[in-house]
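A.B. asks: What follows is a structure written as structure tokens; I'll ask about it next.
The values are calculated or read from the model by the stated rules, or taken from the named source; none is laboratory data. The structure presented is a predicted model; accordingly, all values stated were derived computationally and were not measured. Quick reminder, even Gly has a Cβ in these numbers, built from the backbone with ideal geometry, and neighbours come from all protein chains shown.
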Amino acid sequence: MSTLAVAAQPERIDSPTRRSLRRLMRHRTAMLGLAIVVLFVMIAVLAPLVAPYDPTRTSWTAIRRAPSALHWFGTDENGRDVLSRVIWGARASLLAGVVSVGIAMAAGVPIGMLAGFRGGWIDALISRFTDAMLACPFLILAIALAAFLGPALENAMIAIGISATPIFIRLARGATMAAKVEDYVEAARAIGNPRWRVAVRHILPNIVPPLLVQATLTIATAIIAEASLSFLGLGQQPPAPSWGSMLNTAQRFMEQAPWMAIFPGLSIVLVVLGFNLLGDGLRDAFDPRSR
């Protein structure tokens, strides 16, 4: 009886997604990167609860105090707690990274899929436009767009998103061109599916893994770009905390108060390292041939 019950149970199919997740879980450096990313995300989300002080409150009796039990990361030139500003600055950096990459994917993936799926003059036109944008260095283009739009965190996110769009156009185009000649796509066409359905239901789900890997790596680049724009005064505006603007202020007090630059700079290094480690792990998990 038990044998019949076991035989009656459907065989569990080991899907590629499950295999990829298992490979990711066994990837130690990827798990380290994920832990770092989750830590900073939790810090950003819980900033009102974990920050010991108001990040904008000044104290003229505690100007440039060294790290102590009262102020773990010291204070800045206006007596503001550096730890609180680093915690709240994580919100600006992570928000800029996620939103700007979301903008780049929302614009780049459909355009890239259109170029790769249709081909012909549409592909040629989009490819030449993408090459022209890629010819300009990413950060230079972001600075130019941010200066044109005006100094604000929202404008910085838009500028970074537009600058990163060509990366996703090219990746989506190449992945679509590789997927559209597969047998399952030809079968979907043969049974009469319209082009939009073939692209959305059969091609898009199969090009998500490389797009996810690229998005993770681009978030790290976007965080550095946001810090650079804030350092130049084109991102988050004072007194709102941002790691880049904190570094801009700290450069005038490197000898008197080096902690003003050490802790925001170390935060940028750690969160970028976390996203890069996670992105490398995702690439190895979804494409074992890259190892």
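A.B. asks: Would you please name the residue that is modelled with the highest pLDDT, looking only at residues in the range 60-84 that are more than 14 Å from ALA250 (Cα to Cα) and in contact with a strand residue (DSSP E or B) (Cβ under 7 Å, 6 or more places away or on another chain)?
C.D. replies: My answer is HIS71.
A.B. asks: Taking GLU226 and the conditions (1) acidic (Asp, Glu); (2) in a loop (DSSP other than H, G, I, E, B); (3) within 16 Å of ARG91 (Cα to Cα), which numbered condition does it fall short on, given that it satisfies the others?
C.D. replies: With respect to (1) acidic (Asp, Glu); (2) in a loop (DSSP other than H, G, I, E, B); (3) within 16 Å of ARG91 (Cα to Cα), GLU226 is out only on (2).
A.B. asks: Can we say THR165 is of a type in the set (S, T, N, Q) and in contact with a Pro (Cβ under 7 Å, 6 or more places away or on another chain)?
C.D. replies: no
A.B. asks: Sort out which residues of the range 253-291 are part of a helix (DSSP H, G or I), without any contact (Cβ under 8 Å) to a residue 24 or more places away in the chain and of a type outside the set (Val, Ile, Thr), and write them in order of number.
C.D. replies: ALA261, GLY265, LEU266, ARG289, SER290
A.B. asks: Could you identify the single residue in GLY108, GLY161, GLY174 that is surrounded by fewer than 16 Cβ atoms within 10 Å (Cβ to Cβ) and either among the small types (Gly, Ala, Ser) or touching a Cys at 6+ places or on another chain (Cβ under 6 Å) (or both)?
C.D. replies: So the residue among GLY108, GLY161, GLY174 that is surrounded by fewer than 16 Cβ atoms within 10 Å (Cβ to Cβ) and either among the small types (Gly, Ala, Ser) or touching a Cys at 6+ places or on another chain (Cβ under 6 Å) (or both) is GLY174.
A.B. asks: Please go through the range 239-291 and pick out each residue that is more than 19 Å from LEU217 (Cα to Cα) and either surrounded by fewer than 14 Cβ atoms within 10 Å (Cβ to Cβ) or among the aromatic types (Phe, Trp, Tyr) (or both).
C.D. replies: Correct list: PRO239, TRP243, GLN251, ARG252, PHE253, MET254, GLU255, GLN256, PRO258, TRP259, PHE263.
A.B. asks: Select from the range 145-169 the residues that are charged (D, E, K, R) and farther than 17 Å from ALA92 by Cα and list them in ascending order.
C.D. replies: none
A.B. asks: Now, a different point. Exactly one of (1) within 30 Å of ARG91 (Cβ to Cβ); (2) loosely packed, with under 15 Cβ neighbours inside 10 Å is unmet by ALA124. Its number?
C.D. replies: All conditions are met except number (1).
A.B. asks: Mind checking which residues of the range 166-218 are aromatic (Phe, Trp, Tyr) and closer than 25 Å to LEU273 by Cα?
C.D. replies: Within the range 166-218, PHE168 is the sole residue that qualifies.
A.B. asks: To continue, here is another question. So which residues in the range 132-159 are small (Gly, Ala, Ser), closer than 12 Å to GLY233 by Cα and assigned to a helix (DSSP H, G or I), if there are any at all?
C.D. replies: Of everything in the range 132-159, those that are small (Gly, Ala, Ser), closer than 12 Å to GLY233 by Cα and assigned to a helix (DSSP H, G or I) turn out to be ALA146, ALA147, ALA156.
A.B. asks: Then there is this: Could you list, in sequence order, all residues of the range 238-291 that are hydrophobic (A, V, I, L, M, F, W, C) and either on the phi > 0 side of the Ramachandran plot or within 17 Å of the chain's Cα centre (by Cα) (or both)?
C.D. replies: TRP243, ILE268, VAL269, LEU270, VAL271, VAL272, LEU273, PHE275, LEU277, LEU278, LEU282
A.B. asks: Any residue at all in the range 229-238 that is among the small types (Gly, Ala, Ser), touching a Lys or Arg at 6+ places or on another chain (Cβ under 9 Å) and outside any helix (DSSP H, G or I)?
C.D. replies: Checked the range 229-238: no residue is among the small types (Gly, Ala, Ser), touching a Lys or Arg at 6+ places or on another chain (Cβ under 9 Å) and outside any helix (DSSP H, G or I).
Here is a yes/no grid of residues against (1) of a type in the set (Val, Ile, Thr); (2) under 21 Å from the mean Cα position of the chain (by Cα):
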| residue | (1), (2) |
| --- | --- |
| THR165 | yes, yes |
| MET177 | no, no |
| ARG189 | no, no |
| PRO194 | no, no |
| ALA199 | no, no |
| PHE231 | no, yes |
